Amino acid sequence: MTKVKERTSMLDEVLHGLTGPQKSLPSKYFYDERGSRLFDEITELEEYYPTRTERNILEQNIEEIECHLGEEAILIEPGSGSSDKTRILLKGLNNIAGYIPIDISGDYLFSVASELQKAFPEITIQALQADYTHSIDLPDALPEGRKVVFFPGSTIGNFKRDTVDRFLNVVADIVGSNGAFLIGADLKKDIDVLLAAYNDSKGITAEFNKNILRHINRELGTDFNPDLFDHKAIWNEEESRIEMHLICREAHEVEVAGTTVSFRKGESIHTENSHKYTLAEFSEIVSPWFDVKKVWTDEKDWFSLQYLEPKQG
């Protein structure tokens, strides 16, 4: 995707979101280089349980994971970010022939991929900058191996249902009939635990949330003032999800490519969802494309790592 097309697509999505009855912004625009680094900081916070819990699940079940993936695997990771949890697989598994990290933030992606190639010279690593919610063309020169999509962090919980369906179609196309899907899914739990994870005491999540405005300013030449917005995360019981919002502190206007967007005091921009599931609910969501073959959870059943295979026939 060229820079001009990327900017046009971003502008269309931003205007669409900001001119709806509930103002919103696509959460993928959190992830410029600064946003990616802020998210890495979030994952180390005491309140933010998903990353350390999933990391522990990976480490404790690495031998069984290897058995499920087969003899030679090409690991493909949409939204790879820092590839932190992937390092556990690259280090602990003996059956990884290649790794393809995919992310929308190109500079950060290629920097991480370069570091990984030095750390794992025996593995072919080919970074791919792309929006992974749409069809993806993988590199032509791939090693031989079974294609396995790795999607940790319960990132699927950030998607609206139509995007979930589109993404699962993309994954199914990537892995084909003989591949596999290794995915993290966050589970339903005490609401206080959830709220603390998305309203951390150090304010890093607030900075991460506001960074979406800085990213849009830089890419589209808009004039958002992040200081005119407050971060807020809430639990939506009906939708079974945490919602992140930016709450307007005072009435003002913002120019977006010639369109004036007005904000009322107290009005919110909805920036992200994070759906939580039961194991039965998640199995039903993926069932048109995949069968759940194995589930690993932590001792509190807060988080799950799931091994899926494509439906046959």
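By the Cα gyration tensor, the stretch 75-174 has an equivalent ellipsoid whose semi-axes, rounded to whole angstrom, run 22, 14, 13 from largest to smallest.
Between amide H atoms placed 1.01 Å from N, distances below 5 Å from G153 occur with G184, all of them 5 or more places distant or on a separate chain. Between helix 3-18 and the chain there is an angle of about 60 degrees, using the helix long axis and the longest principal axis of the Cα atoms.
Couplings for the stretch 95-110, taken from phi via the Karplus curve 6.51 cos²θ - 1.76 cosθ + 1.60 with θ = phi - 60°, read 10, 9, 8, x, 9, 10, x, 10, 7, 7, 8, x, 4, 5, 4, 5 Hz in order; Gly and Pro are left as x. Taking amide H positions as modeled 1.01 Å from N, with prolines and chain starts lacking one, the residues under 5 Å from K294 and 5 or more places away or on another chain are Y307.
3J(HN,Hα) along the stretch 48-53: 8, 6, x, 5, 5, 5 Hz, from the Karplus curve 6.51 cos²θ - 1.76 cosθ + 1.60 with θ = phi - 60°, whole Hz, x for Gly and Pro.
So what are the stretch 179-249's ellipsoid semi-axes, whole angstrom, largest first, if each one is the square root of 5 times an eigenvalue of the alpha-carbon gyration tensor?
Working through the eigenvalues yields semi-axes of 27, 18, 11 Å.
Quick one: Y99, Y48, fewest Cβ neighbours within 10 Å first, how do they rank?
In order of increasing Cβ crowding within 10 Å: Y48, Y99.
In straight-distance terms, cross-link reach from K311 covers every one of the aspartates and glutamates whose alpha-carbon lies under 14 Å from its own, apart from those fewer than eight places away in the same chain; here that gives D173, E284, D291.
Within the stretch 1-106, the proportion of C-alpha pairs whose separation exceeds 20 Å stands at 56%. Listed by chain and number, the lysines whose C-alpha is less than 24 Å from the C-alpha of K85, apart from same-chain residues fewer than 8 away, are K28, K118, K147, K188, K189, K202, K276, K293, K294, K300.
Here's how it looks for F229: its modeled amide H is under 5 Å from those of R249, which are all 5 or more places away or on a different chain.
Straight-line reach from K265: taking Cα to Cα under 23 Å and skipping same-chain neighbours fewer than 8 places apart, the lysines in range are K23, K210, K232. Annotation: the antiparallel percentage among DSSP beta bridges lying fully within the chain is about 60. Considered as an equivalent ellipsoid built on the Cα gyration tensor, the chain has semi-axes of 33, 22, 18 Å, the largest given first. Max-minus-min Cα coordinates of the stretch 123-240 on each principal axis give 51, 41, 30 Å, with the largest extent listed first. For the stretch 132-157, the residues whose backbone nitrogen is under 14 Å from a point 7 Å from the Cα of E71, taken along Cα to Cβ, are 144-146.
A simple count of charges around G17, restricted to other residues whose Cβ falls under 13 Å of its Cβ and scoring Lys, Arg +1 and Asp, Glu -1, yields 0.
Between E64 and K202, the modelled label-to-label distance comes to 3.2 nm, taking each label 7 Å out from Cα in the direction of the beta carbon. Once divided by 2.2 N^0.38 Å, the Cα radius of gyration of the stretch 159-300 becomes 1.30.
How high is the FRET efficiency between N169 and S111 when r is their beta carbon distance and R₀ equals 25 Å, given to the nearest 0.05?
After rounding to 0.05, the efficiency reads 0.25.
Helix 161-175 and the longest principal axis of the C-alpha atoms of the chain enclose an angle of approximately 30°. For the stretch 149-156, the Karplus equation 6.51 cos²θ - 1.76 cosθ + 1.60, evaluated at θ = phi - 60°, returns couplings of 7, 10, 9, x, x, 6, 4, 4 Hz by residue, with Gly and Pro reported as x.
No value in this document is a laboratory result; all are computed from the given coordinates. Keep in mind that this is a model prediction, so the values were computed, not measured. A quick note on method: Cβ atoms are made from the backbone with ideal geometry, for glycine too, and the neighbour counts reach across all protein chains shown.
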